[in-house]
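The structure appears below as structure tokens.
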Amino acid sequence: MPGADLLCIAVGLFIYACAVRDARLVRRLRREGLRTEGLVVANIVDRRDRSATQTPVIRFHDHQGHVVEFKTAIQGIGMGLATGRRVGVVYLPGSSHKARWTCGASWWARRRAWS
């Protein structure tokens, strides 16, 4: 069916465009991003079907002293982001609402080096 083929191609191109856009943001965050520490203040639980997914909510103070809260783009179960946990946050100056949490030991190693 030609209609189904076109739909698959369109969906594939859309997913590819989203991935390229996110990769560009991550590259900018690595180059120009400001790093700080945030606190997981909540986990929003969404129960659909027979499974439940968690979306962590992280709060931090940006370089101007404003309190910013954001939901992570990643959802799942057992992500290790328990309420009360401190995590690394990176954001672009002037766009603190587009923050991302940094995962992995490399952030913690850098944080220890800053102290």
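Given a 1.4 Å probe and heavy atoms of the protein chains only, how would you sort 16, 91, largest accessible area at the top? Please report the intermediate quantities before stating the final value.
Values: 16 150, 91 5 Å².
I get 16, 91, largest accessible area first.
Give the calculated FRET efficiency between residue 14 and residue 97 to the nearest 0.05, with a Förster radius of 25 Å applied to their Cβ-Cβ distance.
Values: r = 24 Å, r/R0 = 0.95.
Approximately 0.60, to the nearest 0.05.
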Practice prompt. Can you pull the one-decimal nm distance between simple spin-label points at residue 52 and residue 21, each 7 Å off the Cα toward Cβ?
Written response: 3.2
Response to the item:
Descending accessible area (1.4 Å probe), largest on the left, turns 14, 70 into 14, 70
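Can you give me the accessible area per residue for the range 1-42, using a 1.4 Å probe, in Å²?
Working: 3390 Å² over 42 residues.
Here the per-residue accessible area is 81 Å².
Residue separation times 0.36 nm, minus the C-alpha to C-alpha distance between residue 66 and residue 45: what's the value? Spell out each step's value before the answer.
Values: separation 21, 0.36 × 21 = 7.56 nm, distance 2.65 nm.
Stretched fully, the residue 66-residue 45 segment lengthens by 4.9 nm.
The values are calculated or read from the model by the stated rules, or taken from the named source; none is laboratory data. Values in this document were obtained by computation on a predicted structure and should not be read as measured data. Virtual Cβ from ideal backbone geometry, glycine too; neighbours counted across all protein chains shown. What goes into the accessible areas is simple: the full protein's heavy atoms, side chains included, and nothing from ligands, DNA or RNA. Shrake-Rupley method; radii C 1.70, N 1.55, O 1.52, S 1.80 Å.
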